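One structure below.
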Amino acid sequence: MRKGFIFLFLFICLVLLSYTFIPFHYITPHYSIEKEPIGYNLTEGYMGLKVYEVRKVLNLSLEDIRYDDETIEAIKNFQLENDLEANGIVDLNTWLALGLNEKSWYDLEIYITPCLVDEKSTYEERIQAMIDTAHEYIGTNYIVGASGKPQSGVDCSGLIMQVMYSVGLDPEPISPLRHVQSKYEYESYSLWKHKNIKHYSYKDRLPGDLVFFMNSKGKVNHVSLYIGNNQVVEATGNHGVVLNTLNEQ
């Protein structure tokens, strides 16, 4: 009994020591980030730039870019009219029949902002690169599930992914390609929970920090980039990517 108690005590001590002395590990910078081009079929629930292109060709509303029942029915009708299997799924054949090109089928959702820094860059240069990248996106349309080039389309977490890529930070498994799936719509929450992103108090915010927002139920559902002077760059559903002033907390 006494030996068991001593063993348990030592185990607890080791756990406490590990939390005390093992440092937190930030995301390791990689100055050349690439994502493998992957073609995937569009089915119910998908979002992002490929869905946007399909809905645009079909003259459907571009207010909420989702592969929903309306999109499925429109695709079925299009497939019937073009002697394709009317299954409501956009595969490569249907994509090409819509007049969209094969290259975009594979790489439309894998854009990675080129890294603007290297291993010699200072802290200040890295923060400025993030802010400069965010500014490039101002005026870009809001497209749910998107993380594209400036002026193509992003949502809040899609914007932050590209800002992070600009300084060589890859928040994998979070990625533009994963983000198009419905179960990964709120990657802002995934960023909040990422094991290599450290949390600080809102009052201690500095330029280059991510500012997270919670809904009425207390769950993170939005993220922005703090650029200083109580301002953030963020992708909003109503106005796209904008420069906003934070409310005093």
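Among the residues of the range 106-115, are any free of Cβ contacts under 8 Å to residues at least 24 places away in the same chain, aromatic (Phe, Trp, Tyr) and in a helix (DSSP H, G or I)?
Keep residues of the range 106-115 that are free of Cβ contacts under 8 Å to residues at least 24 places away in the same chain, which gives none.
Within the range 106-115 (the criterion being free of Cβ contacts under 8 Å to residues at least 24 places away in the same chain, aromatic (Phe, Trp, Tyr) and in a helix (DSSP H, G or I)), the answer is no, since none of the residues qualifies.
Yes/no matrix, rows are residues, columns are (1) at pLDDT below 95; (2) more than 18 Å from Tyr31 (Cβ to Cβ); (3) in a helix (DSSP H, G or I); (4) out of contact with any Ser or Thr (no Cβ under 6 Å at 6 or more places or on another chain):
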site	(1), (2), (3), (4)
Gly99	no, yes, no, yes
Ile127	no, no, yes, yes
Gly139	no, yes, no, yes
Ser157	no, yes, yes, no
Leu169	no, no, no, yes
Pro173	no, yes, no, yes
Arg178	no, yes, yes, yes
Inset, instruction - Output yes when any residue across the range 185-193 is modelled with pLDDT under 95, surrounded by fewer than 17 Cβ atoms within 10 Å (Cβ to Cβ) and either in a strand (DSSP E or B) or not aromatic (Phe, Trp, Tyr) (or both), and no when none is. - result: no
Legend entry - Residue tally, condition in contact (Cβ under 8 Å) with a residue 60 or more places away in the chain and open to solvent by less than 40 Å² (accessible area, probe 1.4 Å), over the range 116-146: 11
Inset, instruction - With the condition kept exactly as written, say whether any residue in the range 62-70 is of a type in the set (Lys, Arg), closer than 26 Å to Val242 by Cα and either open to solvent by 20 Å² or more (accessible area, probe 1.4 Å) or not in a helix (DSSP H, G or I) (or both). - result: yes
Inset, instruction - Examine the range 232-241 for a residue that is among the polar types (S, T, N, Q) and not in a strand (DSSP E or B), and state whether such a residue exists. - result: yes
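Would you be able to say whether some residue in the range 72-87 is among the aliphatic types (A, V, I, L, M) and touching a residue at least 40 places away in the same chain (Cβ under 8 Å)? Working first, answer last.
First, the residues of the range 72-87 that are among the aliphatic types (A, V, I, L, M): 72, 74-75, 80, 84, 86.
Right, trim to touching a residue at least 40 places away in the same chain (Cβ under 8 Å) and you get none.
No, there is no match, as no residue in the range 72-87 is among the aliphatic types (A, V, I, L, M) and touching a residue at least 40 places away in the same chain (Cβ under 8 Å).
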Inset, instruction - Within the range 54-79, work out how many residues are small (Gly, Ala, Ser) and either in contact with a Leu (Cβ under 6 Å, 6 or more places away or on another chain) or closer than 17 Å to His179 by Cβ (or both). - result: 1
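A quick yes/no check of all residues on (1) under 23 Å from His179 (Cβ atoms); (2) open to solvent by 50 Å² or more (accessible area, probe 1.4 Å); (3) more than 20 Å from the chain's Cα centre (by Cα); (4) modelled with pLDDT under 95:
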| site | (1), (2), (3), (4) |
| --- | --- |
| Ile6 | no, yes, yes, yes |
| Phe11 | no, yes, yes, yes |
| Leu14 | no, yes, yes, yes |
| Pro23 | no, yes, yes, yes |
| Tyr31 | yes, yes, no, yes |
| Met47 | yes, no, no, no |
| Tyr52 | yes, no, no, no |
Inset, instruction - Report, ordered by the first and then the second residue, all pairs with beta carbons closer than 8 Å, sequence separation of six or more or different chains, a first member in the range 173-196 that is more than 19 Å from Val211 (Cβ to Cβ), and a second member that is part of a loop (DSSP other than H, G, I, E, B) and open to solvent by 40 Å² or more (accessible area, probe 1.4 Å). - result: Ser175/Lys35; Pro176/Lys35; Pro176/Tyr111; Leu177/Lys35; Leu177/Ile38; Val180/Tyr46; Gln181/Tyr46; Ser182/Tyr46
Legend entry - Whichever residue in the range 88-115 is surrounded by fewer than 20 Cβ atoms within 10 Å (Cβ to Cβ) and among the β-branched types (Val, Ile, Thr) and, among such residues, is farthest from Lys149 (Cα to Cα): Ile89
Legend entry - Residue match in the range 210-221 (condition: open to solvent by 20 Å² or more (accessible area, probe 1.4 Å), over 19 Å from Ile143 (Cα atoms), assigned to a loop (DSSP other than H, G, I, E, B) and among the basic types (Lys, Arg)): yes
Inset, instruction - Inspect all residues belonging to the range 153-172 and state whether any of them is more than 20 Å from His194 (Cβ to Cβ), open to solvent by 20 Å² or more (accessible area, probe 1.4 Å) and out of contact with any Leu (no Cβ under 9 Å at 6 or more places or on another chain). - result: no
Inset, instruction - Could you figure out which of (1) farther than 19 Å from Gly237 by Cβ; (2) in contact with a Pro (Cβ under 9 Å, 6 or more places away or on another chain); (3) not small (Gly, Ala, Ser) isn't true of Tyr123? - result: (2)
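The values are calculated or read from the model by the stated rules, or taken from the named source; none is laboratory data. Quick caveat, the model's predicted, so the values are computed rather than measured. With ideal geometry, Cβ positions are generated from the backbone for all residues, glycine too; neighbour counts draw on all protein chains shown. For the accessible areas, the whole protein counts, side chains as well, though only heavy atoms, and no ligand, DNA or RNA atoms are used. Shrake-Rupley method; radii C 1.70, N 1.55, O 1.52, S 1.80 Å.
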